[in-house]
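For reference, the structure is listed below as C-alpha cells.
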Amino acid sequence: MAKKKDDTEKKEKKKRQGGRFGVITKDKRKLIPPFVMLTAGAAASILMVMAGRYELHEFLRNLLLILLGFYILGCILKGALDMIEQQNKPPEPEEDEMIEKGPEGEEEKEQQPEEETVEE
C-alpha cells in the first residue's frame, strides 16, 4: 500500500516538474494544428502576392479557405499521432487487478520463524 502511495507521489512530482521546466507532449501536440495552418497561410499569402493577379476580396476568401483546410489537416495529423501513442503505450494495471507475487510473500513468512528462533 505504501509503495503505491510512493509511486503516485513520484508521478505527481514529475508532472509538476515537467510543467515548470519542460513542455509536456500533449501540450506540444496542441500546437500542431495552428502551426500547420499558419505556415500554409504564410506560404499562400506570399505566393498570391507575388502572383499579383488577386483582388482583395478574392485574396481574403482564398486565404480563409486555405487556413481552414490546413487547420483541419493539422487536427487530423494530431489525432493520428495521439492514436499511435495510445496504441504503443502499455496498459496500466488497475488497483483491483494488482496481484502480489507469491514467492516474495513466502520468503517473508519463511524468514520470520527463523528470526524468532534466533531471538529465543
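Structure above, values below:
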{"read-out": "Rounded if a/c under 1.5, otherwise prolate or oblate - the stretch 16-89, Cα gyration tensor axes", "value": "prolate"}
{"read-out": "³J(HN,Hα) computed for each position of the stretch 25-34 - Karplus, 6.51 cos²θ - 1.76 cosθ + 1.60, integer Hz, glycine/proline x", "value": "4, 5, 5, 5, 5, 5, 8, 4, x, x"}
{"read-out": "Net charge of neighbours whose Cβ lies under 14 Å from the Cβ of G74, counting Lys and Arg as +1 and Asp and Glu as -1", "value": "+3"}
{"read-out": "Size of electric dipole in the stretch 16-89: Cβ of Lys, Arg +1 and of Asp, Glu -1, about Cα centre, debye, nearest 20", "value": "440"}
{"read-out": "Label zone at D27, where the point sits 7 Å out along the Cα-to-Cβ direction: the stretch 75-95 residues whose backbone N lies under 19 Å", "value": "82"}
{"read-out": "Theoretical FRET efficiency, 1/(1+(r/R0)^6), r = Cβ-Cβ of E85 and L64, R0 25 Å, to 0.05", "value": "0.20"}
{"read-out": "The stretch 69-92 versus the stretch 31-65: alpha-carbon centroid distance in Å", "value": "26"}
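Coordinate-derived values only; no laboratory data. Here the structure is a predicted model, which is why all the values come from computation and not from measurement. Every residue, glycine among them, receives a Cβ derived from its backbone with ideal geometry; neighbour counts consider all protein chains shown.
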